[in-house]
Amino acid sequence: MSKMITVNDLHKSFGKLEVLKGIDMEIEENEVVCVIGPSGSGKSTFLRCLNLLEEITSGEVIIDGDNIVDPAVNINDIRSQVGMVFQHFNLFPHKSVLENITLGPQKVKGMSNSDAEKIAQPLLEKVGLSDKAHVYPQSLSGGQKQRVAIARALAMNPKVMLFDEPTSALDPELVGDVLQVMKDLADDGMTMVVVTHEMGFAREVGDRVVFMDEGIVMEKGNPDQIFDNPQNERTQEFLSKIL
Ligand code: ADP
Ligand code: MG
């Protein structure tokens, strides 16, 4: 096994507000780690630090051997290696589904349009939307939008995929298709960090579960351990509210 992500004593403050108070984490290649925890505990901030959407206050984040905190590191390289999917999809509304997917490879990797489309087509198939290449996001359901967002992130050929509550904004009947795409991705061996309230997914697909509270990792373990036999009082309290 080889390490894909190592986080050492990660701190993140917004002004005087310290949101991440020393996070340590090691994630192996091919591993799926699910992050759970109450609102405001720093889960999104943590993910955003992993691809430099936030400036890191102190500590180390090493991705596949590169310390991304090093000022010499190229932010665009990191962002193409570490794909991210957001709760609210963030698709470009004035671009077609296909253009949403081909834009990154063209802009960031300097690919030609036709090469980018060669990458995009099989990805659209993978997420079950080959017939939607030429429509605009507004005509898609939330679940379809989220699957486009996943295809868009995959088009950069990332080493790691981060998911920030990818199904929280979806109508319940649309959640399953998105989770299935994520499960397929995990089965293909993608290294994934998934912030989610979908405990069924965390249990089935997650190799490990991390419980965050107030900017620290309160507890971590395999899913059965965390869900059936949580040791920390805060974990117990959180799970009793959501399960
Ligand atoms: P979670 O995703 O677990 O709900 P967040 O990482 O979004 O938590 O937020 C953690 C804390 O950081 C919250 O108190 C939030 O208000 C604060 N925070 C997040 N982003 C910013 C920002 N850009 N500026 C100031 N405070 C922020
Ligand atoms: Mg969040």
Inside region 150-192, the number of residues satisfying the requirement of being more than 16 Å from ligand 2 (Cβ to nearest atom), touching a residue at least 40 places away in the same chain (Cβ under 8 Å) and within 19 Å of Pro105 (Cβ to Cβ) is 13
Test each condition in (1) under 15 Å from the mean Cα position of the chain (by Cα); (2) acidic (Asp, Glu); (3) within 16 Å of ligand 1 (Cβ to nearest atom) for Glu31 and report the one that comes out false.
-> (3)
Name the residue, out of Val160, Val210, that is under 28 Å from His11 (Cα atoms), β-branched (Val, Ile, Thr), within 16 Å of ligand 1 (Cβ to nearest atom) and buried (at least 20 other Cβ atoms within 10 Å of the Cβ).
-> Val210
If you go through region 106-127 one residue at a time, how many are in a loop (DSSP other than H, G, I, E, B) and either touching a residue at least 12 places away in the same chain (Cβ under 8 Å) or under 11 Å from Leu154 (Cα atoms) (or both)?
-> 1
Out of the residues in region 46-61 that are touching an Asp or Glu at 6+ places or on another chain (Cβ under 6 Å) and not charged (D, E, K, R), which is nearest to Asp9 (Cα to Cα)?
-> Gly59
For Ala72, are the conditions met, namely being in a loop (DSSP other than H, G, I, E, B) and without any contact (Cβ under 8 Å) to a residue 40 or more places away in the chain?
-> yes
Could you grab me the full set of residues in region 206-237 that are assigned to a helix (DSSP H, G or I) and not basic (Lys, Arg)?
-> Pro223, Asp224, Gln225, Ile226, Phe227, Asp228, Glu233, Thr235, Gln236, Glu237
Tell me which of these Leu17 doesn't satisfy, since it passes every other one: (1) in contact (Cβ under 8 Å) with a residue 12 or more places away in the chain; (2) surrounded by fewer than 16 Cβ atoms within 10 Å (Cβ to Cβ); (3) within 16 Å of ligand 2 (Cβ to nearest atom).
-> (1)
For the subset of region 33-47 comprising residues that are of a type in the set (S, T, N, Q) and part of a helix (DSSP H, G or I), which member is nearest to Val205 (Cα to Cα)?
-> Ser44
All positions within region 84-104 that are within 15 Å of ligand 2 (Cβ to nearest atom) and outside any loop (DSSP other than H, G, I, E, B) | Met84, Val85
Go through region 51-69 and give me each residue that's among the aliphatic types (A, V, I, L, M), touching a residue at least 40 places away in the same chain (Cβ under 8 Å) and either part of a loop (DSSP other than H, G, I, E, B) or out of contact with any strand residue (DSSP E or B) (no Cβ under 6 Å at 6 or more places or on another chain) (or both).
-> Ile56
Looking at (1) closer than 25 Å to Thr102 by Cα; (2) surrounded by fewer than 18 Cβ atoms within 10 Å (Cβ to Cβ), find the lone condition where Leu185 falls short.
-> (2)
Just one of His134, His197 is at pLDDT below 95 and not in a strand (DSSP E or B); which is it?
-> His197
Looking only at region 89-105, which residues are within 15 Å of Ser141 (Cα to Cα) and either among the small types (Gly, Ala, Ser) or at pLDDT below 95 (or both)?
-> Phe89, Asn90, Ser96
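The values are calculated or read from the model by the stated rules, or taken from the named source; none is laboratory data. The structure presented is a predicted model; accordingly, all values stated were derived computationally and were not measured. Backbone-built Cβ (ideal geometry, glycine too); neighbour counts: all protein chains shown.
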